[in-house]
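The values are calculated or read from the model by the stated rules, or taken from the named source; none is laboratory data. Bear in mind that the values here come from a model prediction, so they are computed numbers and not experimental data. All Cβ positions, even for glycine, are placed from backbone atoms using ideal geometry, and neighbour counts span all protein chains on display.
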Amino acid sequence: MSDHMEEVIAVLKQVDDPELPSVSVFDLGMVHDIEIEKYQIKITMVPTFAGCPALDFIERDVKRAVEQLHWVEKCDVVFSFQYPWSTKAITDVGKERLKKHGIAPPPDQFKPGEAWTVYCPFCNSDYTSMENVFGPTACRSILYCMNCRNPFEAMKPVVAQV
Ligand SMILES: [Zn+2]
């Protein structure tokens, strides 16, 4: 991997998803491809949840951040709907960051249509209940931990549609 590539990835690890502060677009698994042509960069990203209308913000933030690298003249960001994103693409760092924000990360193993176990991000108990399936955004639900008595949010699992 080139130094420039490493620099771009380091920047992408600093760009947070507007809906999930402190979780970077990189750790959410949204970065599909990075092309570097001397001083021009093209980043192909995969949108996460269809219900999250933050793509314009993400595009702007990524472009702005990458163009702050002194050697970069131009950074284009394109969203591709061709590659399926799933919650499996979230990195371990991303999952830890979600927990710190009181959001239970999606399960690693999940079959569409089946219930999944949600572990409380505060105490790790699985003694939790679904309070509100709809939550603040289409991609999250509100749950309640019966063990530590905290309400928390859970990210819904998304399985790639092939
Ligand atoms: Zn708990």
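Can you confirm whether GLY113 is within 21 Å of VAL158 (Cβ to Cβ) and in a helix (DSSP H, G or I)? Judged against the criteria, GLY113 is not a match. The lone criterion from (1) assigned by TED's automatic domain parsing to the domain that holds TYR144; (2) touching a helix residue (DSSP H, G or I) at 6+ places or on another chain (Cβ under 7 Å) left unmet by CYS75 is number (1). For the range 41-84, the tally of residues that are in contact with a Cys (Cβ under 8 Å, 6 or more places away or on another chain) and farther than 26 Å from ALA154 by Cα stands at 6. Annotation note: of VAL66, VAL78, VAL93, VAL31, the sole residue that is in contact (Cβ under 8 Å) with a residue 60 or more places away in the chain and either surrounded by fewer than 16 Cβ atoms within 10 Å (Cβ to Cβ) or among the hydrophobic types (A, V, I, L, M, F, W, C) (or both) is VAL93.
For the range 116-151, a residue qualifies if it is at pLDDT 80 or above, of a type outside the set (A, V, I, L, M) and not in a loop (DSSP other than H, G, I, E, B), and the qualifying residues are THR128, SER129, SER141, TYR144, CYS145, PRO151. Looking only at residues in the range 143-155 that are within 14 Å of LYS99 (Cα to Cα) and surrounded by fewer than 20 Cβ atoms within 10 Å (Cβ to Cβ), the one that is nearest to the ligand (Cβ to nearest atom) is ASN150.
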